[in-house]
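Comments concern the structure below.
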Amino acid sequence: MTLKSFVRTGLPAVCASLALTALPVHAQTAQKLSAADKLKQQMSAAMAAEDARMAEAAAAKATAAKQEAERKARIEEALAAPTVSATALMRGTAAQAGQPGQAPAAAGAEQATSQDAQAPAAPATPEMVAMGAEQRLALVIGNAAYKSSPLINPLNDARAMAIKLQQLGFTVIKRENATMEEMMSAVREFGNQLKNGGVGLFYYAGHGIQAKGVNYLVPVDANIAREDELATRAYNANEVLEKMDTAKNRINLVVLDACRDNPFARSFRSGSRGLAGMDSTPKGTLVAYATSPGSTASDGSGANGLYTAQLLAAMAEPGMKVEDVFKRVREGVQAESDGKQTPWEMSSITGNFYFNPTAEQQSQPVVSAVQAPRVGTMARNASQTLIPRKLIENYQLAGNFAIQAGAAQGGFSGSGHHFALVTGDKTLHVWNTDTGAATATEPGYGVPSMSANRRFLLGLADNGKVTITDLHNEAAPKVLAGLPAGITKAGLSPDGRRLVIYTRDDGFMLYDAESGQRMAKLDSVDGEPRYEFAPAGNRLLTWGSRDSTMKLWDSEKGNKVARMSDHWDPVAMTRFSRDGAWLMSAAANDKAVIFRMSDGDSVRRFNFGDGNPVPQLADFFQDGKRLLAYVLRSARQELGAVMHLGVWDTASGNFVGTLLGDGITVRNYRFSPDRSRLFVNAGDRNLYVFDMNNLKRLSTLAGVELLHVSPDGRRLIVKGGEGVRLVDVQTLSPLARMPGQVSAHMSAKGGLFVTSTETGMLTLWNLENGDAIGHLKGHLDAITGAVFSDDGRRLVTVGTDNMAKLWALPEIREANQLVKDQFESSAEYHKRMTNWSSPYSALVTLVGYNADTQTYSVKVGDVAIDVPFERDAARKLLGQRQAIVTGNLRFFDVEQLVLADAKLTRLP
């Protein structure tokens, strides 16, 4: 039924229940008209308005068809046109370089003439952008923690939506339980970034109210007593549309899952329910509601609301146009709600948009209405580009990878040039950390383990397939052929040169990991197979969970060194000394034994306590002369389970003393690198510090737990109720406090550590003094892990948003020379830096191609630059969102560098 026929036939019966807004009638005339006359005027006005809207829609459709034809012709003409010679006008920080006498002599840039410098700016031309390459920006807000009427689903909905959007290529700004000020700030940030063009999406889940035809989004700190306070105490949703209209970007999507019951209904005069239709929307905008205007939707009882759950599923469908996505959602919601809830959309979109485009759809070109602010190429020399120094001094997001499950095992290679991650779905991902490009993806990787030198990663699949990945090169993971069937356990020696496997038929076997040749068939064991390599990798220990005898092997040759049968009961625990010279083993109801690893002989038997209890934790210290153990005082149950942290002398087997007494449980402990100090995280939530030379307690840090000890042993990172602290080891006093941080991760050599908030905001800190270095924005939720490369120049973070992110400092030759000495004059500095240069490469985001100037606009970090690029080459990048830019850096001044001979290449 059209609106016209509805007005003629059905309006009198239902207009009151739908609360339709009638056209205004002059007040004096309205007083004289009867109720029937009023209704007649309302019907006539509505019919006239519908006629006007239909005519406008027809005209818009014709205009859109014409614009689409012109757009296609313009793109084809731009790609087919001969080379256009034009002076590249500079923008932003490079503007002054195009004036006479300002081009850097060291870079060899050609001087611009006065005429060129004063020429008026050319009008902006539309840019050819691959659909898969244009900016995708989203603002997601979920409000639930209302004092008067809290909601269940909005936070879950917002988190799930943010994660899904990021997986679909959106840059996401996310806010949870936002106040009025936070909502205003977030929309402002969203609007500013949206000016770079592309696709913008605003998603809101929470309370929403309509009053006098205006929709308001309710912040969590709203204190609204009357309807006339909405304008100042709730956020007008039209402001989001205003930001979109100002940005003039190609497509905008507004999704309002806010059609819940008005929490302030009792104090409001009007009886309006749900949200109102938003008639004044910018061109190219789709506004979607969880239910039809004037209706309400239930908050739901599941993890996600009904509407958002359907939307998340539909967005993931490959190749579906945005209009079809919301049609699918409407069908799903109606079916799930038995027709009680009908999602609603209004749209002025004329182009195509796909949440999850196919490869063919990604390569379809579109015309961007705006151009991103950028650092322009230098006048008369399109091969020279000025870039800010901050691009090489700050960590950049060099890789962004969606993962389908959490991380199971990951780490950098020893060189730091590769990072391997095995996810919970048993898929191996390997990335080149210099380019951010994926070099390997291997499903079915199975149980992962990494060699101690972090060069080799081993995977044991459920079917017994053994795969070894060498992280020092980009070769595909190597599946070892010729191994026996039925492998149930596999592991690598610390140097990755030896592979030990176990099968039920043949027991343990030792292989050369490089060649795959079997070196020795070792013995079978009784029970669950167990093995352990010595720290140096020269010895291999094997036994079974029901064996009282262990066997020691020379892992270089595969020869048996000794049969160690000093226990009467099954071996329950083993521990090597750090140098691999000694081994402690313990068995239930049996004495502990110290073995010499050169020949496998036992040198000492001793008791850990009454009844020979087995330690939960144990470690050698003082060069193997002492043994630390967290163990029961007695294995006899009638005496109770009383634990203590004690020290034993390995030469005599005598008990030396207790460090942490009865009644205080030990959660974990950590030695300083030289093992002179011990830090114990205890069950009473205190951190105990001991001097392990004299076995004295040095201090108790109340209410904190140890997270990390610095590689040089001079700094601690601890976590307390208020956040994270950096502590000096000598004084045990805080050097800096990081409130609001919930996790921390430290680099091995780079002098850095990174902390994270609950929302995934990362902050880099100087390990020496606790000074903040910068923020890394990108994750949408809490961080589950972070790993630095050894040199601290690369960082990989994994979050609960199912994203792995690679952050990197660019590899710059002699970067220390760029630092100006405080006693050095500017003239001396410039003279010293005249001949400085360095190769440069970075992962960049493709923004768009300008056919008139034959330059590709790319984003490096937060800065956009123009890279000269021929048309034929530009065609090859259609459908790509990222590429690698390479070139040579040269000195320009204290704040800027010249990027010369820049080139773009596809990701491998």
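Can you name the residue in the stretch 205-263 that is touching a Phe, Trp or Tyr at 6+ places or on another chain (Cβ under 7 Å) and acidic (Asp, Glu) and, of all such residues, is farthest from residue 160 (Cα to Cα)?
Of everything passing the filter in the stretch 205-263, 227 is farthest from residue 160 (Cα to Cα).
Condition first: buried (at least 19 other Cβ atoms within 10 Å of the Cβ) and not β-branched (Val, Ile, Thr). Now tell me which residues in the stretch 845-860 satisfy that.
Correct list: 846, 848, 849, 850, 851, 854, 856, 857.
What do you reckon, is residue 146 surrounded by fewer than 24 Cβ atoms within 10 Å (Cβ to Cβ), of a type in the set (Ser, Thr, Tyr), at pLDDT 85 or above and in the same structural domain as residue 288 (by TED's automatic domain parsing)?
Yes: the conditions hold for residue 146.
Search the stretch 428-444 for residues that are farther than 16 Å from residue 455 by Cβ and pair each with any residue that is acidic (Asp, Glu) and at pLDDT 85 or above when their beta-carbon atoms are under 9 Å apart and the residues are at least 6 apart or on different chains.
Taking only residues 6 or more apart or on different chains, the pairs are 443/425.
Residues to consider are 821, 866, 852; find the one that is among the acidic types (Asp, Glu), at pLDDT below 80 and either over 23 Å from the mean Cα position of the chain (by Cα) or assigned to a strand (DSSP E or B) (or both).
Only one candidate passes the filter, namely 852.
Given the criterion of a type outside the set (A, V, I, L, M) and closer than 30 Å to residue 473 by Cβ, identify the matching residue among 544, 496, 507.
496
Based on what the data block shows, is residue 174 buried (at least 22 other Cβ atoms within 10 Å of the Cβ), within 18 Å of the chain's Cα centre (by Cα) and more than 15 Å from residue 204 (Cβ to Cβ)?
Spelling it out, it is not the case that residue 174 is buried (at least 22 other Cβ atoms within 10 Å of the Cβ), within 18 Å of the chain's Cα centre (by Cα) and more than 15 Å from residue 204 (Cβ to Cβ).
Is at least one residue of the stretch 167-181 more than 21 Å from residue 863 (Cα to Cα), modelled with pLDDT under 85 and not in a loop (DSSP other than H, G, I, E, B)? Don't jump to the end; show me each part of the working.
Taking the stretch 167-181 as the starting set, the residues that turn out to be more than 21 Å from residue 863 (Cα to Cα) are 167-168, 174-181.
Subset that is modelled with pLDDT under 85: 167.
Restricting the remaining residues to those that are not in a loop (DSSP other than H, G, I, E, B) gives 167.
Yes.
Is it the case that some residue within the stretch 626-642 is under 20 Å from residue 577 (Cβ atoms) and free of Cβ contacts under 8 Å to residues at least 24 places away in the same chain?
Yes - at least one qualifying residue is present in the stretch 626-642.
Scan the stretch 400-412 and report the pairs whose first residue is of a type in the set (Phe, Trp, Tyr) and whose second residue is in a strand (DSSP E or B), with Cβ atoms within less than 6 Å and a gap of 6+ or a chain change.
From the stretch 400-412, the pairs are 401/804; 412/419.
Where residues in the stretch 487-532 are surrounded by fewer than 20 Cβ atoms within 10 Å (Cβ to Cβ) and polar (S, T, N, Q), which of them is nearest to residue 553 (Cα to Cα)?
The qualifying residue nearest to residue 553 (Cα to Cα) is 524.
Go through the stretch 888-897 and count every residue that is modelled with pLDDT of 85 or more and more than 12 Å from residue 391 (Cβ to Cβ).
Total meeting the criteria: 4.
Out of all the residues in the stretch 216-232, which are buried (at least 16 other Cβ atoms within 10 Å of the Cβ) and under 17 Å from residue 146 (Cα atoms)?
Selection gives 216, 217, 218, 219, 220, 221, 222, 224, 230.
Counting only residues that are part of a strand (DSSP E or B), under 17 Å from residue 606 (Cα atoms) and touching a Phe, Trp or Tyr at 6+ places or on another chain (Cβ under 9 Å), how many does the stretch 645-661 have?
The number of residues fulfilling the criteria is 7.
Within the stretch 833-842, is there a residue that is farther than 14 Å from residue 890 by Cα and in a loop (DSSP other than H, G, I, E, B)?
Looking for residues that are farther than 14 Å from residue 890 by Cα and in a loop (DSSP other than H, G, I, E, B), one finds none in the stretch 833-842, hence no.
Any residue in the stretch 478-492 that is at pLDDT 90 or above and touching a Pro at 6+ places or on another chain (Cβ under 8 Å)?
Yes; the residues of the stretch 478-492 include at least one that is at pLDDT 90 or above and touching a Pro at 6+ places or on another chain (Cβ under 8 Å).
Here is a list: 133, 124. Which entry is surrounded by 24 or more Cβ atoms within 10 Å (Cβ to Cβ), at negative phi, in a loop (DSSP other than H, G, I, E, B) and at pLDDT below 75?
After applying the criteria, what remains is 133.
For the structure I just gave you, tell me whether residue 188 is part of a helix (DSSP H, G or I), farther than 27 Å from residue 310 by Cα, at pLDDT 90 or above and not polar (S, T, N, Q).
Here the answer is yes, as residue 188 does meet what is asked.
The values are calculated or read from the model by the stated rules, or taken from the named source; none is laboratory data. All of these numbers come straight from a predicted model, not from anything done at the bench. Here Cβ is always computed from backbone atoms with ideal geometry, including for glycine, and neighbour counts include all displayed protein chains.
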